[in-house]
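A.B. asks: Here it is, the structure, as structure tokens.
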Amino acid sequence: MKPIALITGATSGIGLGCARRFAAGGYNVIITGRNQEKLDALTHELEQGGTQVLQLCFDVRDHRSCQAAVESLPPQWSNVDVLINNAGLALGLDPEYEGAPKEWDTMIDTNIKGLLYMTRLIVPKMVERNHGHVINIGSVAGDAVYAGGNVYCATKAAVKAITDGLRIDVMHTAVRVTNVKPGLVETNFSRVRFHGDNERADKVYKGVQPLTGDDIADVAFYAASAPPHVQIAEVLVLATHQASGSVIHRD
Ligand code: NDP
Ligand code: 8X3
């Protein structure tokens, strides 16, 4: 029986890269997201390659939906070996005093609470089995705040604290906990942040070669593939011409 990876937000960007990388690396995958059509297409693609795929369509902000999704797992899918908490987003780049409370709620509910819900639902079985790996997708944005980053950066600083906390809490088990902190990755991220303004989104990646979702997936897969006694606790992955979240050399 192949190991199982559950990836949240597998319909785009880093999550999509992780689904493909873990499938290629010999895992069966549970792909989750909110877009049924994209989940269907990815299921079809991965099954063509011989991977068994289970898809779960739900919103990670809704605790009951998370619970129902995890409880719906058939026995042969219920022992998750790797949980990748990836679903997340940024909304806006406004000064805090001009920010939109609704957008703050969405970022906090998705990036922090959704990650916590999934962790709470999946990790008990890992502890029980004395086996498993939680990979949280944090961000360079959690290391240092940049202009307009306020609440988004706070959610990613929270991901660091929550990841570090979990690592302490499962230290007596063989469960491993990793925070992968990407820098500039070209995905749908900026289109979502700027509410579909493609021109503004494209500027984020102008004059610099950004990372791809696949680059981050490689790092997550490396962490999951390390020998059992090796715990990759945290990895900061930047584009080569990037020194921090806000210091970027552009041509
Ligand atoms: P994308 O927008 O390309 O992908 C985000 C994924 O998360 C989508 O599948 C999206 O699904 C899903 N998602 C968002 N909200 C929810 C929700 N409420 N419930 C379920 N799924 C949801 O962005 P990225 O791939 O770049 O982002 C993935 C993660 O990486 C995020 O946590 C982000 O903060 C982090 N990150 C991104 C960086 C970057 O530069 N791109 C850098 C550092 C970290 P849907 O299409 O339905 O919204
Ligand atoms: C996404 C990277 O620097 O745009 O977390 O916030 S950044």
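A.B. asks: Going out from 0 in 10 Å bins, what whole percent of all Cα-Cα distances in the chain drops into each bin?
C.D. replies: 7, 32, 38, 18, 4, 0
A.B. asks: Of the options I30, T187, A144, report the single residue whose Cα projects farthest towards the positive end of the charge dipole of the chain (beta-carbon charges: Lys, Arg +1; Asp, Glu -1).
C.D. replies: My answer, from the dipole projection, is I30.
A.B. asks: Also, quick follow-up: Using label points projected 7 Å from each Cα along Cα→Cβ, tell me how many nm separate V192 and A226, to one decimal.
C.D. replies: 2.7
A.B. asks: Counting Lys and Arg as +1 and Asp and Glu as -1, each charge on the Cβ, what is the dipole of the chain about the Cα centre in debye, to the nearest 20?
C.D. replies: Once rounded to the nearest 20, the dipole reads 400 debye.
A.B. asks: A further question follows. Taking H as built 1.01 Å from N, whose amide H comes closer than 5 Å to the amide H of V235, not counting residues under 5 places away?
C.D. replies: It is N179, V180, K181, by chain and number.
A.B. asks: Still on this structure: Be a star and scan the range 58-94 for residues whose amide nitrogen sits under 18 Å from the point 7 Å along the Cα-to-Cβ vector of R129.
C.D. replies: 69-85
A.B. asks: Further question: Pairing the Cα long axis of helix 150-169 with the longest principal axis of the chain, what angle in degrees results, from 0 to 90 and rounded to the nearest 10?
C.D. replies: 30
A.B. asks: What order do you get for 13-25, 237-249 when each peptide is scored by the mean count of other beta carbon atoms within 10 Å, highest first?
C.D. replies: In descending order of packing, they fall as 13-25, 237-249.
A.B. asks: Sort 81-89, 49-57, 219-227 for me by packing, meaning the mean count of neighbouring Cβ atoms within 10 Å per residue, highest on top.
C.D. replies: Working: 81-89: 25.4, 49-57: 16.4, 219-227: 18.0.
The packing order, highest mean first, is 81-89, 219-227, 49-57.
A.B. asks: What is the order of T43, T106, T8, fewest Cβ neighbours within 10 Å to most?
C.D. replies: Least crowded to most crowded, the residues run T106, T43, T8.
A.B. asks: Of the beta bridges DSSP finds with both residues in the chain, what % are antiparallel, to the nearest 5?
C.D. replies: 5
Bear in mind that the values in this text are calculations on the coordinates, not laboratory data. Please read these numbers as outputs of a predicted model, since none were measured by experiment. Ideal geometry is used to build each Cβ from the backbone, glycine not excepted, and the neighbour counts take in all protein chains shown.
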